[in-house]
Amino acid sequence: CGCALTWQRDFLVCTNHLDCPAQITSALEHFFNIHGQVDGFGPKSIEKLVAAGIDTLEKIYDSSVENFQEAGFGPGQSKNLRTELDRSLLVEIEDWRFLGAFGIPQLGLGDSRRLLQHMRLNDLAKVTQEEIIAIEGFAEISSADIIGGLTKKWPTIKHMLNLGFNLTKTPLLEESANIESPIMGKKIVFTGK
C-alpha cells in the first residue's frame, strides 16, 4: 500500500492495518481458510470482492446475490456465493476454530482452544490481560497482543456471532469431571520410538 514499515519485535510490519489492501485480502482469506466450511471464497474471489468495496466480513455476509453480481461475479456464481454463506451459518463449527479464524495476533488454533477451555467466547469481550496470563502457556507479551487484537476485532466478532453461527462450545476445564487415573494430571510425551 506504500506505507512505511516498522519493526515490531522480530517482524517488519505495515501499520496501515485498516486500509492496506494486501492485509485486508489476507485477513479475509485467513477467515475462510480456517473456517473451512465456505466454498467459493478463494483468493481470486476475495480479491474481486475487495476491489469492489466488499472488504469486510460484515459486508460479505450482508451481501445479496445482486451485490455479488455488481462486484463482477456471474449470476450462477453470485447465487452460489450467497448459498455458501447461508450454509456456513448452519454447519457446526468449533468455537475455537471460529475464534482462530479472525487472525488475532498470538492466537492461533491451539491457543484459541486453550483460551476457550478457561472462558466462554462471549466473555472475551471483557477479558483482561491478567486473566489470560493466568492460563498456562500464555505470557505477558502474547497476552498483551491478544488483548489488543480482541479489542480491535471484537466489533466484527460480535457481528458474526449475532449472525447465528452454529458453534460447538469448548468444554471448560473447571466443568470437566475429575477422572480417577494413575496418569491424571501428568504430562506424557510420545516419541517416534
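Per-residue 3J(HN,Hα) values for segment 105-116, derived from phi via the Karplus relation 6.51 cos²θ - 1.76 cosθ + 1.60 with θ = phi - 60°, read x, 6, 10, x, 5, x, 6, 5, 5, 4, 4, 7 Hz in sequence order (x marks Gly and Pro).
Per residue, the accessible area of the chain comes to 60 Å² when a 1.4 Å probe rolls over the protein heavy atoms.
Ordering Trp96, Trp7 by accessible surface, largest first, gives Trp7, Trp96; the 1.4 Å probe counts only protein heavy atoms, with every chain in place.
Computed from Cα positions, the angle between helix 140-162 and the longest principal axis of the chain comes to roughly 50 degrees.
Counting alpha carbon pairs within less than 8 Å and at least 6 residues apart, what relative contact order, in whole percent, applies to segment 34-121?
Values: 56 pairs, mean separation 28.5, N = 88.
For segment 34-121, the relative contact order is 32 percent.
Cross-link partners for Lys126 among the lysines, with Cα-Cα distance under 18 Å and sequence neighbours closer than 8 places in the same chain left out: Lys152, Lys153, Lys158. When the Cα gyration tensor is reduced to axis lengths a ≥ b ≥ c, the ratio a/c is 1.5 or higher for segment 20-117, and with a/b not above b/c it is classed as oblate. Loop-located trypsin sites (Lys or Arg not before Pro) in segment 93-148 (DSSP state other than H, G, I, E, B) with a sparse environment of at most 12 neighbouring Cβ atoms within 10 Å: Arg120, Lys126.
The amide H of Glu94, built 1.01 Å from its N in the peptide plane, has Thr168 as neighbours under 5 Å, considering only residues 5 or more places off or on other chains. Legend: P(r) of the chain from all alpha carbon pair distances, 10 Å bins from 0, whole percents, reading 8, 30, 31, 20, 8, 2, 0.
Say a site is exposed when it is one of the GluC sites (Glu not before Pro), sits in a DSSP loop, and has at most 10 other Cβ atoms within 10 Å; what is then the longest site-free stretch of the chain?
Values: sites that count: Glu92, Glu136, Glu180.
The longest uninterrupted stretch comes out as 1-91.
At 1.4 Å probe size, with the rest of the protein present, what percent of the exposed accessible area of the chain is carbon and sulfur atoms? Whole-percent figure for carbon plus sulfur exposure: 53.
The values are calculated or read from the model by the stated rules, or taken from the named source; none is laboratory data. This is a predicted model, so every value here is computed, not measured. Don't worry about glycine lacking a Cβ; one is built from the backbone with ideal geometry, like all the others, and counts go over all protein chains shown. Ligands, DNA and RNA are excluded from the accessible area calculation, which covers all protein heavy atoms including side chains. Shrake-Rupley method; radii C 1.70, N 1.55, O 1.52, S 1.80 Å.
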